[in-house]
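Colleague: Take a look at this one; I'll ask things after.
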Amino acid sequence: MAEEIPTVMTAIEISSPGGPRVLKAGERPVPAPKSGELLVRVRSAGVNRPDVLQRQGHYPPPQGASDIPGLEISGDVVATGEGVTRFRLGERVTALVAGGGYAQYCTVHESNALPIPAGYGYIEAAAIPETFFTVWHNVFERGALQSGETFLVHGGSSGIGTTAIQLAKAFGASVFTTAGSGDKCEACVKLGADHAINYREEDFVEAVKRHTDGKGANLILDMVGGDYIDRNYDAAAIDGRIVQIAFLNGAKATTDMTKLMVKRLQHTGSTLRARTIEFKAGIARELELNVWPLLAERKVAPVIDMVYPLHEAWRAHERMEDGQHIGKIVLDVS
Ligand SMILES: NC(=O)c1ccc[n+]([C@@H]2O[C@H](COP(=O)([O-])OP(=O)(O)OC[C@H]3O[C@@H](n4cnc5c(N)ncnc54)[C@H](OP(=O)(O)O)[C@@H]3O)[C@@H](O)[C@H]2O)c1
């Protein structure tokens, strides 16, 4: 029997820009699915660094997106809008959303949802979309990583990093990563990284060069920016690619641009959240084809750090800002 849908729900609101405690449980109307959309009874929601930036007032939701934080969910389809063909009531889905994930109900276009991979519960399923969509696009589409190439990902123990290490390995790359502690480096190696460099103790440029006979990395995925920009140019191989997905240490840098020219480097970047539903649907199709089988076989899987109940979203943000986490932090909405 179909679940009765209430008119109001609990959602986490950003009461004003600020620290984790500005996240407060409030009541919101349950959203109605528009044409092509699913209404999902959220069971779990992933927490991502962009949610922290949004809470701080540095990353406003794109036009038309919910002001409730949360970019990824898992749950059950409880209603469908006109013209929905891909999912039926009661199906378990995981979905990438442009906002609204920290809530009991959330709408998503059916093309941005995927079936929960076989053998996965709601917690793990909610930890998949944001990092797998981001890594697929930036590493494999934009970055064009090929089997046999050398890949360097900074922030290897992050949600993004743990996904990037596993996918790059699964597709045959040799993986270098950087992380800020011995424990984090150990976790990265367990996930398949060939070399994890504790950047507090070792210069990553030297380490990458040493292990590649001086050649450098064919592709670098960077979320740090700042002085890493110039150092990435040094660590990159001839004809290397660098894909920028964030600037945690600053977006302004002084760099010797001659290196771009002499080494024929390509430096690009992208953000996922503001892209169109159609664009995200394209990534969803590629993931279902190329990555869902790997998830089902557990050749790759999200790494769960901690789970908090929805009303303790502030604790989840504290954990993320504390920077000790390895992998994903998830909210239990059940
Ligand atoms: N462009 C896009 O489409 C897109 C999509 C999703 C996420 N992102 C970005 O990707 C990054 C990772 O996201 P996530 O959710 O995986 O976050 P996360 O788990 O919190 O990871 C952040 C990582 O960055 C490292 N780091 C280096 N310098 C830092 C600094 N100054 N402040 C904080 N951390 C620093 C930390 O590792 P150490 O402790 O080892 O330094 C940490 O592992 C974020 O910047 C996020 O905004 C971009």
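The values are calculated or read from the model by the stated rules, or taken from the named source; none is laboratory data. This is a predicted model, so every value here is computed, not measured. Cβ placement follows ideal geometry from the backbone for every residue including glycine, while neighbour counts extend to all protein chains displayed.
Colleague: Look through the stretch 122-135, keep the residues that are in a helix (DSSP H, G or I) and over 20 Å from Gly282 (Cβ atoms), and return whichever of them is farthest from the ligand (Cβ to nearest atom). Steps first, answer last, please.
Modeller: Our first condition is that a residue be in a helix (DSSP H, G or I); within the stretch 122-135, this holds for 122-126, 129-135.
Okay, now just the ones that are also over 20 Å from Gly282 (Cβ atoms), so 122-126.
Details: Tyr122: 19, Ile123: 16, Glu124: 16, Ala125: 17, Ala126: 13 Å.
The qualifying residue farthest from the ligand (Cβ to nearest atom) is Tyr122.
Colleague: Still on this structure: Given (1) crowded, with 24+ Cβ neighbours inside 10 Å; (2) within 21 Å of Ile12 (Cα to Cα), where does Val135 come up short, assuming only one miss?
Modeller: Of the numbered conditions (1) crowded, with 24+ Cβ neighbours inside 10 Å; (2) within 21 Å of Ile12 (Cα to Cα), the odd one out for Val135 is (2).
Colleague: So which of Gly83, Gly64, Gly75 is closer than 30 Å to Met223 by Cα, of a type outside the set (Asp, Glu) and outside any strand (DSSP E or B)? Reasoning before the result, please.
Modeller: Numbers: Gly83 fails: closer than 30 Å to Met223 by Cα; Gly75 fails: outside any strand (DSSP E or B).
One residue alone meets the criteria, Gly64.
Colleague: Go through (1) within 14 Å of the ligand (Cβ to nearest atom); (2) within 14 Å of His137 (Cβ to Cβ) and name the single condition Ala284 misses.
Modeller: Among (1) within 14 Å of the ligand (Cβ to nearest atom); (2) within 14 Å of His137 (Cβ to Cβ), Ala284 violates only (1).
Colleague: Among the residues of the stretch 92-113, how many are in a loop (DSSP other than H, G, I, E, B) and either touching a helix residue (DSSP H, G or I) at 6+ places or on another chain (Cβ under 6 Å) or within 12 Å of Asp76 (Cβ to Cβ) (or both)? Show your work before the answer.
Modeller: Within the stretch 92-113, the subset in a loop (DSSP other than H, G, I, E, B) is 97-102, 104.
Narrowing the set further to residues that are either touching a helix residue (DSSP H, G or I) at 6+ places or on another chain (Cβ under 6 Å) or within 12 Å of Asp76 (Cβ to Cβ) (or both) leaves 102, 104.
Summing the residues that are in a loop (DSSP other than H, G, I, E, B) and either touching a helix residue (DSSP H, G or I) at 6+ places or on another chain (Cβ under 6 Å) or within 12 Å of Asp76 (Cβ to Cβ) (or both) in the stretch 92-113 gives 2.
Colleague: Output the qualifying pairs, or none if there are none: Cβ atoms under 6 angstrom, residues six or more apart or on different chains, first residue in the stretch 221-235 and closer than 13 Å to Phe247 by Cβ, second residue among the polar types (S, T, N, Q) and crowded, with 20+ Cβ neighbours inside 10 Å.
Modeller: Matching pairs, first to second residue: Asp222/Asn232; Asp222/Gln244.
Colleague: Moving on. Within the stretch 164-191, track down each residue that is in contact with a helix residue (DSSP H, G or I) (Cβ under 6 Å, 6 or more places away or on another chain), more than 12 Å from Val153 (Cα to Cα) and buried (at least 18 other Cβ atoms within 10 Å of the Cβ).
Modeller: Leu191
Colleague: Right, something else. Six or more apart or on different chains, Cβ atoms under 8 Å: show the pairs whose first residue is in the stretch 136-149 and touching a residue at least 12 places away in the same chain (Cβ under 8 Å) and within 16 Å of the ligand (Cβ to nearest atom) and whose second is assigned to a loop (DSSP other than H, G, I, E, B) and of a type in the set (Val, Ile, Thr).
Modeller: Pairs that qualify, where the first residue is touching a residue at least 12 places away in the same chain (Cβ under 8 Å) and within 16 Å of the ligand (Cβ to nearest atom) and the partner is assigned to a loop (DSSP other than H, G, I, E, B) and of a type in the set (Val, Ile, Thr), are Trp136/Val291; Asn138/Ile245.
Colleague: Let me ask something else. Out of the residues in the stretch 13-57 meeting the condition of being within 27 Å of Tyr120 (Cβ to Cβ) and among the acidic types (Asp, Glu), tell me which one is farthest from the ligand (Cβ to nearest atom).
Modeller: My answer is Glu37.
Colleague: Does Ile160 qualify as being in a helix (DSSP H, G or I), more than 9 Å from the ligand (Cβ to nearest atom) and either of a type outside the set (S, T, N, Q) or under 25 Å from Asp213 (Cβ atoms) (or both)?
Modeller: Details: in a helix (DSSP H, G or I): yes; more than 9 Å from the ligand (Cβ to nearest atom): no; either of a type outside the set (S, T, N, Q) or under 25 Å from Asp213 (Cβ atoms) (or both): yes.
It is false that Ile160 is in a helix (DSSP H, G or I), more than 9 Å from the ligand (Cβ to nearest atom) and either of a type outside the set (S, T, N, Q) or under 25 Å from Asp213 (Cβ atoms) (or both).
Colleague: Would you check which residues across the stretch 53-72 are surrounded by 18 or more Cβ atoms within 10 Å (Cβ to Cβ) and in contact with a helix residue (DSSP H, G or I) (Cβ under 6 Å, 6 or more places away or on another chain) and list them?
Modeller: Correct list: Pro69, Leu71, Glu72.
Colleague: Looking at Ala170, is it farther than 29 Å from Val93 by Cα and more than 9 Å from the ligand (Cβ to nearest atom)?
Modeller: Details: farther than 29 Å from Val93 by Cα: no; more than 9 Å from the ligand (Cβ to nearest atom): yes.
Spelling it out, it is not the case that Ala170 is farther than 29 Å from Val93 by Cα and more than 9 Å from the ligand (Cβ to nearest atom).
Colleague: OK, next. Kindly provide the set of residues from the stretch 275-315 that are of a type in the set (D, E, K, R) and assigned to a loop (DSSP other than H, G, I, E, B), ordered by number.
Modeller: Let us first name the residues in the stretch 275-315 that are of a type in the set (D, E, K, R), namely 275, 278, 280, 285-286, 288, 297-299, 305, 312, 315.
If the condition is that a residue be of a type in the set (D, E, K, R) and assigned to a loop (DSSP other than H, G, I, E, B), then Arg275, Glu297, Arg298, Lys299 are the ones that fit.
One line per residue, one yes/no per condition, for (1) in contact with a Gly (Cβ under 6 Å, 6 or more places away or on another chain); (2) at pLDDT 95 or above; (3) more than 16 Å from the ligand (Cβ to nearest atom); (4) within 19 Å of Ala127 (Cα to Cα):
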position	(1), (2), (3), (4)
Thr258	no, yes, yes, no
Met261	no, yes, yes, no
Glu288	no, yes, yes, yes
Tyr308	no, yes, no, yes
Arg319	no, yes, no, yes
Ser334	no, no, yes, yes
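Colleague: Still on this structure, please answer the following. Output the residues belonging to the stretch 196-230 that are surrounded by fewer than 22 Cβ atoms within 10 Å (Cβ to Cβ), under 24 Å from the mean Cα position of the chain (by Cα) and more than 10 Å from the ligand (Cβ to nearest atom).
Modeller: Once the filter is applied, which keeps residues that are surrounded by fewer than 22 Cβ atoms within 10 Å (Cβ to Cβ), under 24 Å from the mean Cα position of the chain (by Cα) and more than 10 Å from the ligand (Cβ to nearest atom), the stretch 196-230 yields Asp227, Ile229.
Colleague: On to the next question. Using the structure shown, decide if Glu318 is of a type in the set (Asp, Glu), touching a Phe, Trp or Tyr at 6+ places or on another chain (Cβ under 8 Å) and in a helix (DSSP H, G or I).
Modeller: Working: of a type in the set (Asp, Glu): yes; touching a Phe, Trp or Tyr at 6+ places or on another chain (Cβ under 8 Å): no; in a helix (DSSP H, G or I): yes.
It is false that Glu318 is of a type in the set (Asp, Glu), touching a Phe, Trp or Tyr at 6+ places or on another chain (Cβ under 8 Å) and in a helix (DSSP H, G or I).
Colleague: Can you name the number of the only condition in (1) within 16 Å of the ligand (Cβ to nearest atom); (2) among the polar types (S, T, N, Q); (3) under 22 Å from Thr94 (Cβ atoms) that Thr10 fails?
Modeller: (1)
Colleague: So, Ser147, is that one modelled with pLDDT of 95 or more and either touching a Lys or Arg at 6+ places or on another chain (Cβ under 8 Å) or among the β-branched types (Val, Ile, Thr) (or both) or not?
Modeller: no
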